[in-house]
Amino acid sequence: MLKKTFDRIENYLLEIENSKNYLKENLSPSELLEKIDVSIKNKGNKDIFPLIDNYLEFSVKTGSKHFYNQLFGGVNIPAVIGEFITAVTNTSMYTYEVAPLATMLEKEIIKEFCDLIGYKSKEGIFVTGGSNSNMLALLAALYKNDNNHKFSGKSSQNQVFFISEDSHYSYDKAAIILGIGLNNIKKVKTDSSGAMIPLELEKLIVEEKKISNYPFFVGLTAGTTVKGAFDPIKDIVKICKKYNLWSHIDGSWGGSILYSKSKKYLLQGSHTADSFSIDAHKMLGVPLVCSAIMFKKPGVLNELNNISGMDYLFHKEDDIEFNLGNYSLQCGRRVDALKLWLTFKYYGRDGIKIRIEYLVKLAEYTAEKINQDNNLRLISDLISLNICFQYIRKNDSSEETNDRTNYIRNQLILKKKYLINTVLINSKKCFRLIIVNPQLKIEDIDRLLNTIKNIAADYCFEK
Ligand SMILES: Cc1ncc(COP(=O)(O)O)c(C=O)c1O
C-alpha cells in the first residue's frame, strides 16, 4: 500500500515540475461534488488509490511554476520527506520522553534563529503559524506589564497596542481572543513603501496616554503581506524603549531575508526587539505549517505557560528544560522541526542563503522587466519579493485599468492556468506577484509577463 502511494507521490512531484497549469480543471463546489463522491459511508472500501489519484488531480499544484498566489510555493523535497517521517513516527512535542530527538532538533533550530536575529538567548518555540506568534507576543507583553495577568486576567487599565495600517489581520483576531478588543488596536500610518512611520507612532502613543489609555505593545512587520515592506526597526524600538512598550517583529513573511546578504540590512536592529517570528513555510519552502517565535529575554515562555495540575504528563523528576510542553500554549504539538532541520542539513546554511539571494535577484529582474515595459507599471517599489503592478494603457481611466486587471486575472485562471492574486492599493487594483519558488527561471517570468500582455490586448471595457 505504501509503495503504491509513494509511486504516485513521486509521479506527482515529477509532473508538477514541468506542469503547465496550477489546477487541472476549475470547478465550482457543486461541479466538484458531482465528479467526486466525498460522502462517508457505513461500509469501508480498501481500494483508496482512486481517491488518492482524485485528490492529487483536483488539488491546486502550489509547487508548479504557474502558482504565484500565496506567500509560499515550490517544493522542498528534504522537507517533504521530513513531513512523511513526522507522520510515520507520530508523536507529540510536549515531553522529552515521547519526543527525544525531535526536542533536540527544535531546540537547535530555535538556537539557529536566535543567532540569526542576534539574540543572546535560546528562547523560542514552534507555533501553529505567524498569526499564533503575533498572539503569543501580545500575551507576553501583557504578562510583562502585569505579572498578575496570568492569575487575575485582564487589567482594569484600557490597554492599547500599535501596529501599522499595512500589518497582518491576525492582530485583529489576537485582540479578540485576548480580550483586548478591536477598538484598542491603533493603526499607525505608513509611508509609500508600506513601512510604519516612527513619528506617527510616537504621536499616537502620546495621544493615547493623554486620554489615559495604557499603551503596552508595538507590532512591527518585517515583510508586509501586500507590499513586502519592512518597518524601520531601530527607530521604532527606540520609541518602544522610551515608553516602555514591548516590541515584536512579525517576520512571518520577511524574517528569512536575514539569510540574504544583499537585503539583511532591512532587518538591522532586529536583536533589539523583544520578540521575532519566522514562518519557515513561506520563504524557506517548508510544507505548511512550520513557524517559530523567538524571544530576547530567556524565561518568558516558561513564565507564561508553566501551570500546575499537569502531573499526568510532566513529572517532578523530569528535567523541565527538555519538556517543551512547559513552554508552549498547545498540549499536543506536531513535530514541525524535523522538516526544517532536514532542510538545513541537506542544503546547509549556505544553501539557504543561496536560495534567498536567488529569489531576491529574480524579484529584481521581474521588477526591472516591468519598469522597462510601457504597458506595465509597478504600483509600489520593490522592497523584497512582492511585486505589485498593473497593466496600463494611455488614456485608460482608473476604472478601466482596474477592470482590466480583474479581466486578466480571470483569463489567466481560466485559459492559461496561472494563479496570481490581485489587491487594492490606494484604489488601484493590481497584481501581487510573489516570487518565492526557487525553481522559477527568468524564462518563466518572461512567459508570464508576455501572457499577461497578450490577454490584456483582448480586453474590451463594457460600461
Ligand atoms: C506579515 C504576516 N504576518 C502573519 C501572517 C500569518 O501567518 P500564518 O498564515 O502562518 O498564520 C502572514 C500570512 O501571510 C503575514 O503575511
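Each reported figure results from applying straightforward, stated rules to the coordinates on display, with no laboratory input. Bear in mind that the values here come from a model prediction, so they are computed numbers and not experimental data. Please note: Cβ atoms are built from the backbone with ideal geometry, for glycine as well, and neighbour counts cover all protein chains shown.
Sorting the segments 330-338, 249-257, 446-454 by their mean number of nearby beta carbons within 10 angstrom, highest to lowest, gives 249-257, 330-338, 446-454. One chain, two ends: ASN371 and ILE85. Fully extended at 0.36 nm per residue, the span grows by 98.5 nm beyond their Cα-Cα distance.
Using the Cβ-Cβ distance between LYS297 and ASN42 with R0 set to 56 Å, the FRET efficiency from 1/(1 + (r/R0)^6) comes to roughly 0.50. Quick one: grab the alpha carbon gyration tensor of the range 153-209, order the square roots of its eigenvalues as a ≥ b ≥ c, and give me rounded if a/c is under 1.5, else prolate or oblate depending on whether a/b is larger than b/c. Judged from the Cα gyration tensor, the range 153-209 comes out oblate (a/c at least 1.5, b/c at or above a/b). With the cut-off at 1.5 for a/c, could you classify the chain from its C-alpha gyration tensor as rounded, prolate or oblate? Oblate. Using only side-chain charges placed at the Cβ, +1 for Lys and Arg and -1 for Asp and Glu, the dipole size of the range 31-162 relative to its Cα centre rounds to 360 debye.
Ignoring aspartates and glutamates fewer than eight residues from LYS189 along the same chain, the ones with Cα atoms less than 18 angstrom from its Cα are GLU165, ASP166, ASP172, GLU200, GLU202, GLU207, GLU208, ASP231, ASP235, ASP250, ASP381.
Put a plus charge on the Cβ of each Lys and Arg, a minus charge on the Cβ of each Asp and Glu, and nothing anywhere else: the dipole of the chain about its Cα centre is then about 620 debye. Close amide-amide hydrogen proximity is noted between SER19 and LYS65, each under 5 Å apart and 5 or more residues distant or on a separate chain (H modeled in the peptide plane; Pro and chain starts excluded). Taking the Cα centre of the range 168-266 as the origin, how large is its charge dipole in debye, to the nearest 20, when only Lys and Arg (+1) and Asp and Glu (-1) carry charge on their Cβ atoms? That gives the range 168-266 a dipole magnitude of about 260 debye.
By DSSP, the beta bridges lying fully in the chain are antiparallel in about 55 percent of cases.
With 21 Å as the limit on Cα-Cα distance, the pairs of LYS187/LYS209; LYS122/LYS282; LYS154/LYS241; LYS316/LYS339; LYS24/LYS339 that go past it are LYS122/LYS282; LYS154/LYS241; LYS316/LYS339; LYS24/LYS339.
Summary of packing: across the peptides 86-92, 130-136, 171-177, the per-residue average of other C-beta atoms within 10 Å ranks them, highest first, as 130-136, 171-177, 86-92. Packing order of peptides 387-394, 344-351, highest average first: 387-394, 344-351 (average count of other Cβ atoms within 10 Å over each peptide's residues). Of the residues ALA99, SER398, MET196, the one whose Cα sits farthest towards the positive end of the charge dipole of the chain is SER398 (charges of +1 on Lys and Arg Cβ, -1 on Asp and Glu Cβ, taken about the Cα centre). Under 5 Å from the amide H of LYS186 lie the amide H atoms of PHE161, PHE162, ILE163, each residue being 5 or more positions distant or on a separate chain, with H modelled from the backbone and absent for Pro and chain starts. Neighbours of ASN305, meaning other residues whose beta-carbon lies under 14 angstrom from its beta-carbon, give a summed charge of -1 when Lys and Arg score +1 and Asp and Glu score -1.
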